Ligand SMILES: [Zn+2]
């Protein structure tokens, strides 16, 4: 269901994987492959390998692998259809869908995006021109934002009316159902429709692709509901997933290898206007697993630009857990106490740059705050501070990190390092006894490297690697009987039975896919020696296979072993004297022989 298989294949074939990967991380040629620093995990030396011809990649560091569709899915968090659509757009292929209801669903979503887009334009126009938006404009000016900023962020004003937006959208031929489903209005008790936002400053929110999905609305008068109100969760808008300004910040996040996460829309505006275009905000919620998942694929560092003291222990522990299972480092921007980034920026635009420069890891930040407020002049004061600091350090899941902080703390407070360590570890074990939270396994966000594959005989993988890279040279010379390893044999069968490499993977179990993609992204050997190397690989494989068969025939007292031994000796003879032509001829006879007898001995 979805896009026609044929079109998926066309898109896959038309996409240059090396160019695609190159948009995220620099690639360079190495032999027959291309290599790059893996965009999915943090690394200094490239272990991400691409086979351009076959359109497959594999990372030997973190284990990810796949084709262009998998790549764009994982990089951009798209579903399969979105990924194919994105790639189709790049290569200019028009897709056909095989399921009418499915395309109806896509059309429906498109319609809702359009409705939100029309609402953005409506509110924006009101903010810039309407007389009733004076309060909203004054509020913005008061916070240091001019008309230019309002235009850059497409800010808007929702008038103090029950249905001004709905009526406007009806005029634009949107149905009542559209307006309600897009979260712009709700059905009221009288059977009519009421606009969701009234008398609010409006911040439009887009998904990561830049499609409009909803709003955050700030109340302009006291006593008219909550200060901030967001679009309710809809088909398009999921507050646990969406990040304000991510669509604009994405490339800058990748370039700077850091993302600034704020709690307020105006905070993001302040950072952007101060030249830090890698800022995003959560929309009325704390950072969720889904947010983290999206961000860690873009950047190895996440800087929280909000009052981390207020966010407290729960936030700290969540960040430690995230750090523990990825290579992302959380830092806390060193904002002046009590000021949010927007206020700090209005007071002095330079403050934000300083806050980022002095950003510290979460635990460091919390210790600094604690020690800054502690009485360290007296022995008793230092002991009390040490107790409280030990409790903070004990929250960190890493032994090494705890130990380093314990030593640092001991030095700062002029206490014995072993005593501080003991205090930390005591707190730590106490946590378990008193129901301290253990790292909860969270599904769907942990990068799990596949378990190391069971080693397959090198002669078998050598032959398979050539079968993948040079199918023309290998065609007709191999037989499944030569493979003793079940995974290698299944891989051979998959290659032999499929029209394309992608087809071979499509029908295979995970361990076979893993072997095939690994081999596809390994360099089999130099181009100009391919023929000679294929021949050697073939002879080696046949030799190993014959030896095994011969042993089992001898054991079973099978008299045909004499004939096999004659060929086997000939093969070894040519092999040792490096007469590869002759060795290959005998090898081919052996393949026929072994394949012909396969039925007898299994
Ligand atoms: Zn990797």
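The values are calculated or read from the model by the stated rules, or taken from the named source; none is laboratory data. Note that the coordinates shown come from a computational prediction; the quantities given were computed from them, not determined experimentally. Methodologically, a virtual Cβ is constructed for each residue, glycine included, from the backbone with ideal geometry; neighbour enumeration extends over all protein chains shown.
Points worth noting:
- Taken together, the residues in segment 268-305 that are within 16 Å of the chain's Cα centre (by Cα) and touching a residue at least 40 places away in the same chain (Cβ under 8 Å) amount to 14.
- Evaluating residue 107 against the criteria (1) over 30 Å from residue 175 (Cβ atoms); (2) more than 16 Å from the ligand (Cβ to nearest atom) leaves one unmet condition, (1).
- Residue within segment 535-557 that is out of contact with any helix residue (DSSP H, G or I) (no Cβ under 7 Å at 6 or more places or on another chain), within 20 Å of residue 456 (Cα to Cα) and not in a helix (DSSP H, G or I) present: no
- Condition met for residue 269 (in a helix (DSSP H, G or I) and buried (at least 21 other Cβ atoms within 10 Å of the Cβ)): yes
- Put simply, of 99, 7 the only residue that is more than 28 Å from residue 252 (Cα to Cα), touching a residue at least 24 places away in the same chain (Cβ under 8 Å), more than 15 Å from the ligand (Cβ to nearest atom) and buried (at least 18 other Cβ atoms within 10 Å of the Cβ) is 7.
- Matching helices (runs of 4 or more DSSP H) fully within segment 454-510 where at least 3 residues are surrounded by 15 or more Cβ atoms within 10 Å (Cβ to Cβ): 458-469, 486-497, 501-506
- In segment 306-317, the residues that are at pLDDT 75 or above reach residues that are surrounded by 12 or more Cβ atoms within 10 Å (Cβ to Cβ) and in a helix (DSSP H, G or I) with C-beta atoms within less than 7 angstrom, at least six apart or across chains, in these pairs: 315/308; 316/362; 316/366.
- In summary, helices (runs of 4 or more DSSP H) completely within segment 1-120 and bearing 2 or more residues that are modelled with pLDDT of 90 or more and closer than 30 Å to residue 179 by Cβ occur at 80-91.
- Residue under evaluation residue 58, criteria (1) farther than 18 Å from residue 505 by Cα; (2) within 13 Å of the ligand (Cβ to nearest atom), criterion not met: (1)
- Of the set (1) surrounded by 16 or more Cβ atoms within 10 Å (Cβ to Cβ); (2) more than 18 Å from residue 14 (Cβ to Cβ); (3) modelled with pLDDT of 90 or more, all apply to residue 125 but (1).
- Among the residues making up segment 30-50, those that are more than 9 Å from the ligand (Cβ to nearest atom) and in contact (Cβ under 8 Å) with a residue 24 or more places away in the chain are 30, 31, 32, 33, 49, 50.
- Residues satisfying the criterion are present in segment 228-238 (criterion: under 23 Å from residue 132 (Cβ atoms), touching a helix residue (DSSP H, G or I) at 6+ places or on another chain (Cβ under 9 Å) and crowded, with 19+ Cβ neighbours inside 10 Å).
- Residue-level analysis places residue 27 outside the set of residues that are more than 17 Å from the chain's Cα centre (by Cα), within 12 Å of the ligand (Cβ to nearest atom) and closer than 28 Å to residue 527 by Cβ.
- Among residues that are more than 16 Å from the ligand (Cβ to nearest atom), surrounded by fewer than 18 Cβ atoms within 10 Å (Cβ to Cβ), closer than 29 Å to residue 238 by Cα and within 24 Å of the chain's Cα centre (by Cα), residue 82 is included.
- Residue 68 vs. criteria out of contact with any strand residue (DSSP E or B) (no Cβ under 6 Å at 6 or more places or on another chain), closer than 29 Å to residue 530 by Cα and either free of Cβ contacts under 8 Å to residues at least 12 places away in the same chain or surrounded by fewer than 16 Cβ atoms within 10 Å (Cβ to Cβ) (or both): no
- For segment 558-575, taking the residues that are out of contact with any helix residue (DSSP H, G or I) (no Cβ under 6 Å at 6 or more places or on another chain) and in contact (Cβ under 8 Å) with a residue 24 or more places away in the chain, the one that is farthest from residue 590 (Cα to Cα) is identified as 558.
- Given (1) surrounded by 18 or more Cβ atoms within 10 Å (Cβ to Cβ); (2) within 30 Å of residue 107 (Cα to Cα); (3) away from the ligand (no atom under 16 Å from the Cβ), index of the condition residue 17 fails: (3)
- Filtered residues of segment 143-171 (kept if within 39 Å of the chain's Cα centre (by Cα) and exposed (fewer than 13 other Cβ atoms within 10 Å of the Cβ)): 146, 148, 151
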